[in-house]
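The values are calculated or read from the model by the stated rules, or taken from the named source; none is laboratory data. Bear in mind that the values here come from a model prediction, so they are computed numbers and not experimental data. Note that we place each Cβ from the backbone using ideal geometry, even for glycine, and neighbour counts take in every protein chain shown. The area values use the complete protein model at the heavy-atom level, side chains included, leaving out ligands, DNA and RNA. Shrake-Rupley method; radii C 1.70, N 1.55, O 1.52, S 1.80 Å.
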Amino acid sequence: MSYQRHIRNASTLCLALFVAHGAASAQKDPVPEKSSAVHKKEVASAPSKADVAQSQKLYQRAMRLTSSPSTLPDAFNLLEESSSLNPSDVASTTAREFVREELVSEHMAKGNDLMEANDAAAAMDEFRQAMALDPANTYAAQRLHDAAAQTAKPYPKPVYEYGSEPDLKPKPGTHTFNFKGDSRQLLTNVGRAFGIAAEFDSSFTPRQMKVTLDNVDFGTAMHIACMMAHCFHIAVSDHEMIVANDSQDARRNVERTSVRTFYVPTEGGAQALPEMVNILRSVLEIRFLAPDTAENTITIRAPKQTLDAAEMLIDQMTAPRPQVFLEIRVLRMDESASKQIGIAYPLQFTLFNLNTAASSLGPDAVGIINRIRAGTATAQDLAAAAALLASGGLANSVFSQGFAIFGGGLTTSGLAVPPASLNLSATHSLFTNMEHVTLRASQGQAATFRVGDRFPVITATFSPAINIPGITSAIKGSQPIVPSYSYEDLGVTLKATPQIGADSVVTLNMDFAIKALGSTSLNNIPTITNRQYTGTISLRDGETSVIAGTVDKSDTKTLSGMPWLSNLPGFGRAFSNNGRTTTADQMIILVTPHIITQKPDAEHTEMTLDSD
């Protein structure tokens, strides 16, 4: 059902009840006739025909706008205007109140949804609009209070000041002083020139002095005059000051003090507050100081300028530490190449006896060989030799390889000649690796980054004097084996401590190490390779620098061949085998600092404690 039907039904119902109630009252209790004066007054206050007509037009326009929730505010404004023109129109009044309730309900529903979405600020606006439509709505008032409680931000604990000192307010401008005489008169003249009345303490001792000051303001003139007269001044009111001798007793008796309580955030731990108290006492020489560890506060009684300096010092010590984002890159390249070119001639020969070598082949082998040598071999000898070859009997014999016979076959000695080989080979390998490490560190605090494995290294295999119940008896008197290990951190380990200086210069104390398992071992324990850099560097924000670099190169050449012949110029390569192996290992470590946060400049935190 639409808003328009709701409003018309409600208006019709209220109008019917009103008419019925009026008719019943008229029948039950007849109203006495009014006096002529009252009747004239009511006639004078009754709306005119034009107002009634305008009211009806506004009512009709408002009823057309009630069909959509977005136009309900406009309908409410039209109904309010219609009711003001014709207050006796029950339909307009009833429709206005119904639209009011609908708008209030809509604002309350939106506010509750925003509260559930943790948007208390927007919810407060909805509840305020509901209160503007219906100021007597207690539920809207309570929800507004709840939203205000959620939007209330926790205020930082303020600096409480229990007493304040007046400040002198001299006249602006500059004056020139050319004076010779008593210091009392000089201080009086300076104060009078700037509208300040000077009173002198009993401790003040006049001095004869001569001074010339050209175009100086009040602060400069008083500072120079008090330095020459060995005195100090304090403000009594805006235009009055007391001048006293500059001594510890005089300051203690004359100088005014104030009391302030400072809230100190202690993110640095439980020792931060006591350390800050010690710094304030040693640097500012504050005697009256009371810390409260429960509330993290420091109460100080001192002159105003000292309190201002203490506040500035506390702000500096409790300010967040500057932070640096470190970008570390490790570039590594391993390259190796080898080649073999030449002819590998046989360098060892075997001298053997033919009959002895043949007898090892069988009892008939010698006769067959002799008949073959003499050229009298028969078909049976050749068949026996072929069968010997087919059976593989020559596989392990000197006859399976080339051999030479001395004396044209008349002797029984032979020389085995191994085969020669031609080498033409080349290999090349290239390994590149880049390790990119990022680290965020605070000023003055070491930050450690480690990535890799923890490798156990055995340090002992047994313990000579140990007795474990249940284990010693189980091994029947033999010594229990209890190995001992130590762990080595393999991988990349980076430790950096930054310090941020002026002009965005970052000083880094760095300890960078790369550990890995080596290719060799000792007593079955692998070696560990370590590449480490330790040092201090200074870089600007965003500047990249090489902090370390290593280059390992090796070149190995080999030559094998026949003596003398392999060294012949030009012909040596035909009688030798040449090999060459080269390796190159390179590693470069780059660092780039990026300042994330930085403390304010020191020029904004400078303060002098000279009261004069």
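Residues that are in a strand (DSSP E or B) and free of Cβ contacts under 8 Å to residues at least 60 places away in the same chain were ranked within region 490-508; the one that is farthest from the chain's Cα centre (by Cα) is L490. Residues of region 506-542 that are over 21 Å from R329 (Cβ atoms) and either β-branched (V, I, T) or touching a Leu at 6+ places or on another chain (Cβ under 8 Å) (or both): L517, T520, I525, P526, T527, I528.
I'd like to check something: does region 117-132 contain any residue that is in a helix (DSSP H, G or I), under 28 Å from Q60 (Cα atoms), open to solvent by less than 70 Å² (accessible area, probe 1.4 Å) and touching a His at 6+ places or on another chain (Cβ under 7 Å)? Yes, that holds for at least one residue. Annotation note: of A221, A235, A290, the sole residue that is outside any loop (DSSP other than H, G, I, E, B) and modelled with pLDDT of 90 or more is A221. For region 287-307, state whether one or more residues are under 30 Å from T497 (Cα atoms), crowded, with 16+ Cβ neighbours inside 10 Å and within 35 Å of the chain's Cα centre (by Cα). No - not one qualifying residue is present in region 287-307.
Hey, does region 204-218 have a residue that's farther than 19 Å from A290 by Cα, touching a residue at least 12 places away in the same chain (Cβ under 8 Å) and basic (K, R)? For region 204-218, residues farther than 19 Å from A290 by Cα, touching a residue at least 12 places away in the same chain (Cβ under 8 Å) and basic (K, R): present. Checked against the criterion of being modelled with pLDDT of 75 or more, out of contact with any helix residue (DSSP H, G or I) (no Cβ under 9 Å at 6 or more places or on another chain) and of a type in the set (D, E, K, R), the candidates K495, K476 yield just one match: K495. When region 152-190 is limited to residues that are β-branched (V, I, T) and surrounded by 12 or more Cβ atoms within 10 Å (Cβ to Cβ), the one that is modelled with the lowest pLDDT turns out to be V159. Using the structure shown, decide if D249 is within 30 Å of V190 (Cα to Cα), open to solvent by 70 Å² or more (accessible area, probe 1.4 Å) and touching a residue at least 40 places away in the same chain (Cβ under 8 Å). So D249 passes the test.
For region 316-334, the condition holds for no residue, the condition being that it is of a type in the set (F, W, Y), open to solvent by less than 80 Å² (accessible area, probe 1.4 Å), in contact with a helix residue (DSSP H, G or I) (Cβ under 9 Å, 6 or more places away or on another chain) and touching a residue at least 60 places away in the same chain (Cβ under 8 Å). Of all residue pairs spaced 6 or more apart or on separate chains, none has beta-carbon atoms under 7 Å together with a first member in region 546-561 that is aromatic (F, W, Y) and a second member that is exposed (fewer than 12 other Cβ atoms within 10 Å of the Cβ) and not in a strand (DSSP E or B). Among the residues making up region 75-93, those that are open to solvent by less than 50 Å² (accessible area, probe 1.4 Å) and not in a helix (DSSP H, G or I) are N86, D89.
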